[in-house]
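Inspection log for the structure reproduced underneath, given as structure tokens.
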Amino acid sequence: MENNEEILPFSEVTKFHGHVCPGSALGYRVAKTAMIKLNVSKSGDEELVAICENDSCAVDAIQVVTGCTFGKGNFIFKDYGKHVYTFYNRENGENIRIYVNADFNDIVPEFVALKNKFDQGTVTMEDKKSFQHFKDELSYKILEVPEDKLFTLSKAELSLPKEANLYNSIKCGECGELVSEHRMKEKDGEKVCIPCFNKE
């Protein structure tokens, strides 16, 4: 990608996510960095794959900006609780691993101090008013912080994920609802959905 013109503005992320927050701003920067480094525009199909190792607000931004989605099979969630994001370009095999190493104390220390008060249950009404201000300040500062202050970039050591499979839907032998065949279980000689399989 020669420039940033094809990358959606942050306002589109906010429209989708519902509010401005540090997580969505971080996800925006992650997605933008990946697309520039891999020289790709918004994924119209499945050529770009995103692997996210957390379920924070950042992943909403990544889906909006890159076009990677669960439904297309090119958005993969790994529940590791880490701010690590890996992107693959299927067309040429290039990839990038983005680790968020930012210390938000260095960006807006007041936000971190107030967040700690929330976590400890010692927040006051005055703190709550201040918190929104510092949350917004941190969000917009994240959009401007130099890349090397936010991320550690490296090549990924994972193999390229396969393209999404298409499966037939068949009726559950117990409740009669349609289920993707690869999610069916065997119970009393019948193919059933997972909820029916787990019923006593």
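The numbers here are math on the coordinates, done by the rules we state, and not lab data. This one's a predicted model, so the numbers in the text were calculated from it and none came from an experiment. Neighbour counts run over all protein chains shown; Cβ positions are idealised from the backbone, glycine included.
Compared with the dominant Cα axis of the chain, that is its longest principal axis, helix 125-142 is turned about 80°.
Relative contact order of segment 1-126: 23 percent, from C-alpha pairs under 8 Å at least 6 residues apart in sequence.
Between 0 and 90 degrees, the angle of helix 109-120 with respect to the longest Cα principal axis of the chain falls at about 50 degrees.
Which entries of Lys171/Lys199; Lys32/Lys128; Lys115/Lys141; Lys15/Lys117 show an alpha-carbon separation above 21 angstrom in the structure shown? Pairs exceeding 21 Å: Lys32/Lys128; Lys15/Lys117. Taking every DSSP bridge with both residues inside the chain, close to 85 percent are antiparallel.
Relative to the longest principal axis of the Cα atoms of the chain, the long axis of helix 22-38 lies at roughly 70 degrees.
Were the residues from Met125 through Val112 laid out at 0.36 nm apart, the gain over their Cα-Cα distance would be 3.0 nm. Ordered by the count of other Cβ atoms within 10 Å of each Cβ, fewest first, Phe10, Phe87 give Phe10, Phe87.
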